[in-house]
């Protein structure tokens, strides 16, 4: 029996590798471990080791190389972890993130405290960045951070420092998540489920996030992406019989029966990832603020994450159904005609730019009251219930789900022409 709260070894030991029943996962991990050993022998020269990587990796000619690092401007420190320091910079007008070995970090410091040389400890820490360079490129996916370039000097190079350049994203912290609109939290849940499904179905074997944390993800343009693969392993644990694969979710006081298939605990990583994904994201993000008619489906998703009752592919199908119903306005329960007692004057191609803005709950912008709606009627219903709202501006801008951005206003003049907006002004109450 395996406690899911523990951290299993990422790479198989020699006893496991000596088994006669090899599968693609054990062979894969063996190759990657040898690759890490080879990176030490070759002075971390990625040009010598990339051909032995157990991945199908494409090394683009457009990547940022060592000589290009001097052209990364406005470098600013962002954060440090156990092994890496992260900086942001600007390369050819684009914001990028630079990850390098933190020479004052715990990884190097702990190693040197054991009596090893700085060169040895730096090289040991740098292996993790080499692994990230290769793994992130091999796992190229819309929900995996994009590697823009790297510098891995050879043993005879005068250049110093191992570094990787990726797209820049925003950290995923709890307060930020809770302040999001329900639509954006739905997107986070959808992206997370896509990541978990990819981790199950990727060609290199079932992936295990041995230390599942929100810090391993970033937001790039509102999209959730996996960014830290330091502690990612491939392949389910080995086993001899079914009881070896039982999983105890100690923090939730329940367990799930596992299946030993071809000496592997089939679905073990998948179950752990689902439970941890729910604990860190979905179970507290999705229910709050969900439209009433979508709540039964939302409860299905939350239960699947909390109790590990579905596979990622099945959860993804339910979430995609929720997104479809939400984007098509099926949550509005419009069984009768519009009986609103408030009428609106419509001014096509008009706007109230920069005036009469006010703050409202769940606004999508840092200033004013910006919401997403299915259509003008939904915007009218929202404005009807808000005493401060005296009208709204319908834009042509749409959100990730296809909904329309609308700006609520506390006044109605002076308006101006704008070919990309329509202005709705609240009028007298309809007594009919």
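Below are the figures for this structure:
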item	result
Test: residue in segment 309-325 that is part of a loop (DSSP other than H, G, I, E, B), under 33 Å from the mean Cα position of the chain (by Cα), touching a residue at least 12 places away in the same chain (Cβ under 8 Å) and not assigned by TED's automatic domain parsing to the domain that holds residue 179	no
Matching residues, segment 147-167, being surrounded by fewer than 20 Cβ atoms within 10 Å (Cβ to Cβ) and either in a loop (DSSP other than H, G, I, E, B) or modelled with pLDDT under 90 (or both)	153, 154, 155, 156, 157, 158, 159, 160, 161
Odd one out for residue 99, checked against (1) assigned to a strand (DSSP E or B); (2) farther than 20 Å from residue 231 by Cα	(2)
Residue check for residue 237: under 30 Å from residue 333 (Cα atoms), at pLDDT 90 or above and either in contact with a helix residue (DSSP H, G or I) (Cβ under 8 Å, 6 or more places away or on another chain) or crowded, with 20+ Cβ neighbours inside 10 Å (or both)	no
Residues of segment 243-257 that turn out to be without any contact (Cβ under 8 Å) to a residue 24 or more places away in the chain and either crowded, with 19+ Cβ neighbours inside 10 Å or more than 19 Å from residue 311 (Cβ to Cβ) (or both), as a count	1
Subset of segment 66-83 that is modelled with pLDDT of 90 or more and surrounded by 11 or more Cβ atoms within 10 Å (Cβ to Cβ) - its residue that is nearest to the chain's Cα centre (by Cα)	78
Cross-chain or 6+ apart pairs with Cβ under 7 Å, segment 214-230 first and at positive phi, then surrounded by fewer than 21 Cβ atoms within 10 Å (Cβ to Cβ) and not in a helix (DSSP H, G or I)	222/400
Flag if residue 378 is within 30 Å of residue 305 (Cβ to Cβ), without any contact (Cβ under 8 Å) to a residue 60 or more places away in the chain and surrounded by 18 or more Cβ atoms within 10 Å (Cβ to Cβ)	yes
Options 199, 164; residue that is touching a helix residue (DSSP H, G or I) at 6+ places or on another chain (Cβ under 7 Å) and over 25 Å from residue 315 (Cα atoms)	164
Residue within segment 408-416 that is out of contact with any helix residue (DSSP H, G or I) (no Cβ under 6 Å at 6 or more places or on another chain), closer than 28 Å to residue 319 by Cβ and at pLDDT 95 or above present	no
Check on residue 291, over 27 Å from residue 213 (Cα atoms) and outside the structural domain of residue 424 (by TED's automatic domain parsing)	yes
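The values are calculated or read from the model by the stated rules, or taken from the named source; none is laboratory data. Quick caveat: nothing in here was measured; it's all calculated off a predicted structure. Using ideal geometry, Cβ is built from the backbone for each residue, glycine included, and neighbour counts are taken over all protein chains shown.
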